[in-house]
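Just below is one structure, and these are the notes that go with it.
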Amino acid sequence: MLSFIGRSVVQKIITLFFVSVVSFLIIHIAPGEPSQVDPMNPKFTPEVVERFREEFHLDKPLHVQYIYFYQNLFTGKTVSWKDNQSVLQKIWERFLNSLPLFIVGTVLTWTLSFPVGIRSAIYRGRLYDRSATFLSYLLISIPGFFFAYVLIIFVVTHFHVPVIGMETFGTGNTSTVFVVMDRTWHLLLPSVLGATGGIAVLSRYVRSQMLEVGGQDYIRTARAKGLPQEQVHYKHALRNALLPFITMFGLILPGLIGGSVIIESIFSWPGMGRMAYEAILARDYPVILTVNFVSAVLVLAGTFISDILYIIADPRIRL
Amino acid sequence: MKDNRLISVQDLKVYFRSNATTARAVDGVTFEVDREETVCLVGESGCGKTVTALSILGLVPVPPGDIAGGRILFKGQGLLDLDDNNMQSIRGNHIAMVFQEPLTSLNPVFTIGDQISEAISIHKNIDTGTQRERCVQLLRDVGIAAPEQRLNDYPHQLSGGQRQRVMIAMALACDPELIIADEPTTALDVTVQDQILRLFKYIQKTRAMSILYITHDLGVVTHIADRVYVMYSGVIAEQGFTSQIFNHAKHPYTRGLLASLPSRSKRGKRLYSIPGSVPDPAHKPEGCPFHPRCPHAIPSCWSEYPQMCDYGEGHLARCPVLFEKTKKTIDDK
């Protein structure tokens, strides 16, 4: 077990190195330099551009730039080219904003998909299954941004609560109860919206996985023993049906960054996804690359966690 | 004699319905198993053996399956009329089943100890310590070495033969009156097959239980069976004591099966095989289902469904043609 963890960590560090090289190259080789974002701006005289290039080492060869960048990243000195703020500081702030959205969305998705999917599989072909199927395909087909606007209009006109942003501006002096309620309303809509698509897709997977396992010989054995239906479904079938979801569970982590760009944009939520999106538009290389690096770390951490979970959950996997 | 009857299946019909067709997998099967008796149900693949076995335990998936008719009486109690709860208290407790594929019939994520003690704990209210002792005893009875350690093993850590022994131990867990063994040796290699057969015989003797043994292998039948039912295309073609079937087969299908057995006297010769294959249960031929493959078929076989002909002493065959030939009509008796 320990040797597996050691080996796995070493492998992942090597992968991370290649990711860092490739992402660095892609960003730098892509056309358009940071100095050319706004060529019509009268402040960007050739001298200013030259000074800018020099200051951020853009005139140096790529491998030197690479070393400069990652040296700064690991010593925590990377700053955004846009506003000269520390990148790690910026990401941390945005991360804390994204976190509640991510947690509520993920918890909703994973707690609701399983009951819905399992019930669909048990009542296959009956009314419950058919309506769940219809509803999930409806939710999968409706574009998220459209659904978001429908929901915003509905909530705002019927409940008269503001839902854009993280909080209503100027609530600082009101009672704690009001602030909490205000925050909850703001949090609810984007996270529910983020979860609906996830529930629709995940519950389909759960259903098909349960049906697949339900046809296995050992399920027949469990029934032949005289086990009640609930135990056959929730013990023998579910335990096996869960295994493939460990992989998906490990891949939730990177969703912290990329999973919510659209929703954060629609709701003006100052989260990670929106920051990354804005950084790309501004060609703010340090922010883009740092976000990239952090998400690569999250992906690798996610796969590492799912590897460990597999070892715990599936006795057939031994090291 | 009547009290000795453990289970009787009467005119059982199990159909599988799909949109266009109805597959009559079991089409009026009647047989009995007495106490402490080993009965073999023999037939080719696809003749309805397994469906018959599954419907005894109520394990035929409905839909698409449909119990279209008949009765199953277990100690006088109609199993087909029982609700889920009552059926669950029969399964594993009074009637247990051993399946064909030991490799896939055990749940891969639970230890064999868990799976056996589960079978005990559903039906018997005993504490975990006693359950464990009983598991060890069961594993020892089915011939697994070092059962204390094996309890914590997962199915993939055992060989095919060991897994089938575990399946048998699981079936024995609640001392059932009847064990249904559905081709339990088909997936195993020959030496292990022999061991498992001996194990069944040993169990049957020491525990005085009945075994309904389903197989396509006539060689197995001679080793284990007291009585034999030969099944063809969803019906019983011939039934009788093992010696009657093997020495005086009265149905052309049974004769064909026996002729296709390899034996010493046929060494060096090409083995006989029955021409053709089992009819598709959705498109059975008119009249006798065996007539397209039968060397004795006469025109009436094409249109008339054959009745069981009684040769006495429990020997019956569903072939009036051969019955006439032996010149023994029911009136003569």
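With each label modelled as a point 7 angstrom along the Cα→C-beta vector, the residue A:123-residue A:88 pair spans 5.3 nm. Beta bridges from DSSP with both residues in the protein assembly as shown: antiparallel share about 60 percent, rounded to the nearest 5.
If you count, for every residue in B:98-108, the Cβ atoms of partner chains within 10 Å of its Cβ, what is the mean?
Rounded to a whole number, the mean comes out at 5.
Between residue A:185 and residue A:134, how high is the FRET efficiency from 1/(1 + (r/R0)^6) when r is the Cβ-Cβ distance and R₀ = 22 Å? Nearest 0.05.
Details: r = 29 Å, r/R0 = 1.34.
For residue A:185 and residue A:134, the calculated efficiency is 0.15.
Sorted fewest first by neighbouring Cβ atoms within 10 angstrom, A:182, B:84 come out as B:84, A:182.
For the stretch B:2-233, lysine pairs with C-alpha atoms less than 25 angstrom apart, excluding pairs fewer than eight positions apart on the same chain, total 13.
Provide the packing ranking of A:205-217, B:98-110, A:9-21, i.e. peptides ordered by the mean count of other C-beta atoms within 10 Å per residue, highest first.
Values: A:205-217: 18.2, B:98-110: 22.0, A:9-21: 13.2.
Highest-to-lowest ranking by the protection proxy: B:98-110, A:205-217, A:9-21.
Can you sort A:43, A:90 by how many other beta carbons sit within 10 Å, fewest first?
A:43, A:90
For the stretch B:255-277, the residues whose backbone nitrogen is under 15 Å from a point 7 Å from the Cα of residue B:21, taken along Cα to Cβ, are B:277. Taking the C-alpha atoms only, the angle from helix A:62-75 to the longest principal axis of chain A is near 70 degrees.
Going by how many other Cβ atoms sit within 10 Å of their own, how do B:305, B:232 line up, fewest first?
Numbers: B:305 12, B:232 25.
Ordered from fewest to most neighbouring Cβ atoms within 10 Å, B:305, B:232 come out as B:305, B:232.
When DSSP beta bridges are restricted to pairs lying wholly in chain B, around 60% turn out antiparallel.
Annotated for chain A: lysine pairs at least 8 residues apart or interchain, Cα distance under 21 Å, count 6.
Modelled this way, with points 7 Å down the Cα-to-C-beta line, the labels at residue A:317 and residue A:13 are 2.3 nm from one another. Overall, the stretch B:111-175 carries a charge dipole of about 160 debye about its Cα centre when +1 sits on the Cβ of Lys and Arg and -1 on the Cβ of Asp and Glu, all other atoms neutral. Extending 7 Å from the Cα toward the beta-carbon at both residue A:261 and residue B:89 defines two label points whose distance is 6.2 nm. In this calculation the C-beta distance from residue A:157 to residue A:205 is compared with R0 = 30 Å, giving a FRET efficiency of 0.30. Bridgeable lysines around residue B:325 (alpha carbons under 20 Å apart, same-chain partners fewer than 8 residues away excluded): B:250, B:333.
Pop the C-beta distance of residue B:75 and residue B:298 into the FRET formula with R0 = 56 Å and round what comes out to the nearest 0.05. Let's see the in-between values first.
On the way: r = 43 Å, r/R0 = 0.76.
After rounding to 0.05, the efficiency reads 0.85.
Any read-out appearing in this document is the output of simple, stated calculations on the displayed coordinates, not a laboratory observation. Since the model is a prediction, treat every value here as computed from it, not as a measurement. Don't worry about glycine lacking a Cβ; one is built from the backbone with ideal geometry, like all the others, and counts go over all protein chains shown.
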